[in-house]
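One structure is given here, and the rest of the page talks about it.
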Amino acid sequence: MQSLAKPRALEQLHPLAVHLQSMSYVDVTMRWKKDASFDGVPVLSHARDIRPLASLARLLSPSPTPVSAVSKLQRSLETPDRRVTSFLRRFPAAFVESVGPQHNLPWFRVSDAAARLLREERDVFAARRADITGRLRRLVLMCPRRRLPLRVAQGMLWHLGIPEDYFKDPDHGIEHDGFRILTSADGVICQDNDGDGRELGLIDDGKGQEMPLSVLQMKFGSVADVPIPLFPSKGLRLKQKIKDWLEGFQRLPYVSPYEDFSHIIRGSDVSEKRAVGVLHELLSLFVTCSAERRRLLCLRQHLGLPQKFHLVFERHPHVFYLLLKEKTCFVVLKEAYMAGGDTAIGEHPMLELRKKYVELMEQSREIIRCRRSGKPVELESKVYDNTEDPLKRCLKNL
């Protein structure tokens, strides 16, 4: 039977569109190289102990307190020692031990030198409050949603130089600094599965105000191709292909951490340069321009960083230094310690206080050495008074 259907004219097919994506990725793999200049900075080498020491000093009172009152807080304090008692005994210049009235249990009180540091810390925060809390505002503005889970913001207070009871004590009045705490009643959808639904936001939501300039923009101006300051460590050698890639990397467009980045292709070199700029700006806000690498991981999704952004620290050893100390890895911004006066990074108001805490640690080491050897030693310090210390009668070793 003959088909009644008319044959269709064959249409000329257009050639298939072929999309070629140019990839300029260079596999930068370098072994970690020790830099003694950073290992010798006291505020960095003692960074792991400063935070629990300051936290315990706030918990203890000038009068003797049983160690059982703080021993259960070991996990939240993150003391390197297994027991809080061992940690307190490591720093006799900050904590004075005595025997309790019953069962010969150890009691501790904060030393006069540590108490003076706490008062000085409160005075500095009151005098420089706008500058210190402004760093927290910058951190919130770096988030695309202009919000940050309260649990994450709480973990950043120590690095920003803000009292750790800033959100808990109503006397601080965070609304005077432009912050507000949002709850589920405000229609907040928390992105943190472990959170309680509370987020830290801005009263003005960052609207109607000009975004701040990053540290790199303040140094080089608001140009398109802002370079990342490089500070090679002594003896660190890069392969020629990595040097060529790094020169091209510096000429890439710079995207401010406070700008919209939705147009950037993920996995591109521009995306990597933005990640370097975000981490550079973040570390410049901290007191010591450094932080534990694991503490930065919780900021990944809130700052729009790639999944494996921690590899940026290894791919850019001229910008960041990884300080390995007692099974802990700290990320240090090199510009803050190697640029001298040629930098727009301002010194944090709390930096001098952190140095005084380190001084107490060094004096504690000297006291322990004096006790073990039986040799007298004279301690001189701005935060230390021999008349107020248990070893006030120690004389200089002749």
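Here are a few things to note about the model shown:
- Rg over Rh [alpha-carbon atoms, Kirkwood Rh] for region 77-168: 1.11
- Region 105-139 and region 269-319: distance between their alpha carbon centers, rounded to Å: 27
- Pair LEU230, ASP205: separation of 7 Å Cα→Cβ label points (nm): 4.3
- Computed from the alpha carbon positions, the gyration tensor of region 214-348 leads to an equivalent ellipsoid with semi-axes of 20, 18, 17 Å, biggest first.
- Pairs from the table (LYS219/LYS273; LYS33/LYS325; LYS243/LYS308; LYS273/LYS308; LYS34/LYS334; LYS234/LYS356) lying more than 20 angstrom apart at Cα are LYS243/LYS308; LYS234/LYS356.
- Estimated inter-spin distance, ALA69 and PHE261, nm [label 7 Å along Cα→Cβ]: 4.6
- Relative packing of peptides 234-247, 128-141 - highest average C-beta neighbours within 10 Å first: 128-141, 234-247
All of the numbers you see were taken from the coordinates with simple rules; none came from a lab. Nothing here was measured: the structure is a model prediction, and the numbers come from that model. Ideal geometry is used to build each Cβ from the backbone, glycine not excepted, and the neighbour counts take in all protein chains shown.
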